[in-house]
Amino acid sequence: MKVEMKLKGNMARSVNPNGCKQEVLNQINYVKKQGDYEGTKKALVLGASSSYGLASRITAAFGSHADTIGVSFERGPKDETMLGTAGWYNNIFFKEFAEKEGLIAKNFIGDAFSLEMKEQVIDYIKQEFGGEIDLLVYSLAAPKRTDYKTGITYSSALKPIGQEVSGENINLEKEELFIQTVEPATEEEIEGTVKVMGGEDWEWWVELLKEAGCLAEGFKTVLYSYIGPDVTHAFYHDGSLGVAKEQAEESSKRINKNLKSLNGESLICVSKAVTTKASVVIPILPKYLICLYKVMQEMNLHETPIMHKDRIFRTMLYGTESNYDEKGRLRPDSWELRADVQEKVNNLMAQLTADNFKTDLIAYDLFKKEFFNLNGFDVDGNTNNDVDVAELMRMKP
Ligand code: NAD
């Protein structure tokens, strides 16, 4: 059966598993090309199946020879009309490539917020993973979370606070620039976003892992955050997601206290804006991205998730260029936020119109390609769009 890219707005409705395999391999090859580094050897990655989480897992495994456990929420194939999610296949192929190198690559599919998942992972670490981990990457981006202590389910809402925000956005399905207006978040929506995208569940993971004796001396944990420039603040940093990320910083402080006895470290890593399943549905962000990419590409600064995470692991988390900011956070986003970059981005954003947004003036084509790549389409090195559904159904993560 042939597969082709199908979109609904900025969400993919199809997947090319052959392309996902090649994309995972391309990322592995990128890391291998940079050479080995001394980093994690036993890592647990929450949100391991795509973008920042997958990139973290790939650099850990193929740059630092780490055994890894990945937790993600993905769907497998059901029939010809439902082939499952890209992350499902990323898990399968990551495991295949890692095992070829003699590394452990265990996948857990399910709800990382649940107590059951925490217990399953802890049991696995104790019984089959050598008893301890030295790194926990928290890279979840989720619409919902059920708090297992109260049974209440919360939803996140990516909205501004205290004001309505209007701006242009891109519809990838229609290839149109359109005006989007986002209403301010209600108190309940802000609370929900903090519950889902803040740091509470991160703290619970670390507490349970520590109580079970699963954290190695010198253990590190990192959560990915975003701040971005002024133009994105109204709907991100100053919006509901920004409040959640600020709360995660408080969590990080508490985790740091909890890890003192192990000489451990909890870190917030403020990462750059990249094309991911989560970021393309953030209101108005895509318009900023297509201008940012053009500028960063021209200045030789453009990074995909694997380039960004590999640099962070080598030079910051396990390197000597941590450059902590005044709040003790890692700031690899400093390239994005450079004054010369932002000045050029602002100039481009001012020139952008519905007529010119697909031209060479900006990087719409690159943005679209990166989005297609997330779902296994238009991947460098893959031309095969033929899949055997029965064979796909047999593959397990
Ligand atoms: P993504 O959508 O590509 O990946 C999210 C991951 O979370 C996937 O592996 C998914 O399976 C997993 N997941 C979702 N719900 C889950 C659940 N209930 N249980 C288990 N797994 C679940 O997201 P991303 O863009 O890579 O974002 C990861 C983190 O990086 C987020 O915290 C985000 O805020 C942060 N970040 C993103 C950007 C960006 O530009 N994309 C920039 C800075 C920081």
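Results for (1) assigned to a helix (DSSP H, G or I); (2) over 23 Å from SER271 (Cα atoms), shown as yes or no for each residue.
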| residue | (1), (2) |
| --- | --- |
| LYS21 | yes, yes |
| VAL24 | yes, no |
| VAL31 | yes, no |
| ALA43 | no, no |
| TYR52 | yes, no |
| ARG57 | yes, no |
| GLY63 | yes, no |
| GLU74 | no, yes |
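Among the numbered criteria (1) surrounded by fewer than 21 Cβ atoms within 10 Å (Cβ to Cβ); (2) within 16 Å of the ligand (Cβ to nearest atom); (3) free of Cβ contacts under 8 Å to residues at least 60 places away in the same chain, which one does VAL243 miss?
With respect to (1) surrounded by fewer than 21 Cβ atoms within 10 Å (Cβ to Cβ); (2) within 16 Å of the ligand (Cβ to nearest atom); (3) free of Cβ contacts under 8 Å to residues at least 60 places away in the same chain, VAL243 is out only on (3).
Could you list, in sequence order, the residues of the stretch 378-397 that are part of a loop (DSSP other than H, G, I, E, B) and in contact with a Pro (Cβ under 9 Å, 6 or more places away or on another chain)?
Residues satisfying the conditions are VAL387, MET395.
So, of the residues in the stretch 353-364 that are out of contact with any helix residue (DSSP H, G or I) (no Cβ under 7 Å at 6 or more places or on another chain) and farther than 13 Å from ASN171 by Cα, which turns out to be surrounded by the most Cβ atoms within 10 Å (Cβ to Cβ)? Show your work before the answer.
Keep residues of the stretch 353-364 that are out of contact with any helix residue (DSSP H, G or I) (no Cβ under 7 Å at 6 or more places or on another chain), which gives 353-356, 359-360.
Add one more test, that the residue is farther than 13 Å from ASN171 by Cα, and what stays is 353, 355-356, 359-360.
On the way: THR353: 10, ASP355: 8, ASN356: 13, THR359: 11, ASP360: 9.
Step by step, filter the stretch 353-364, then rank; the result is ASN356.
Does SER114 count as under 17 Å from the mean Cα position of the chain (by Cα) and within 16 Å of the ligand (Cβ to nearest atom)?
Against the criterion (under 17 Å from the mean Cα position of the chain (by Cα) and within 16 Å of the ligand (Cβ to nearest atom)), SER114 does not qualify.
Check the stretch 264-275 and report whether any residue there is part of a loop (DSSP other than H, G, I, E, B), modelled with pLDDT under 95 and closer than 20 Å to PRO143 by Cα.
yes
From ILE104, ILE69, ILE58, ILE92, which residue is surrounded by fewer than 20 Cβ atoms within 10 Å (Cβ to Cβ) and either within 15 Å of SER139 (Cβ to Cβ) or among the aliphatic types (A, V, I, L, M) (or both)? Talk me through it step by step, then tell me what you get.
Values: ILE69 fails: surrounded by fewer than 20 Cβ atoms within 10 Å (Cβ to Cβ); ILE58 fails: surrounded by fewer than 20 Cβ atoms within 10 Å (Cβ to Cβ); ILE92 fails: surrounded by fewer than 20 Cβ atoms within 10 Å (Cβ to Cβ).
Matching residue, one of ILE104, ILE69, ILE58, ILE92: ILE104.
Of the residues in the stretch 293-307, how many are at positive phi and touching a residue at least 40 places away in the same chain (Cβ under 8 Å)?
Qualifying residue count, the stretch 293-307: 0.
Take the residues in the stretch 39-83 that are more than 12 Å from the ligand (Cβ to nearest atom), out of contact with any Leu (no Cβ under 6 Å at 6 or more places or on another chain) and of a type in the set (Gly, Ala, Ser); name whichever of them is farthest from GLN27 (Cα to Cα).
GLY76
The values are calculated or read from the model by the stated rules, or taken from the named source; none is laboratory data. What you are looking at is a predicted structure, and each value in this text was computed from that prediction instead of being measured. Here Cβ is always computed from backbone atoms with ideal geometry, including for glycine, and neighbour counts include all displayed protein chains.
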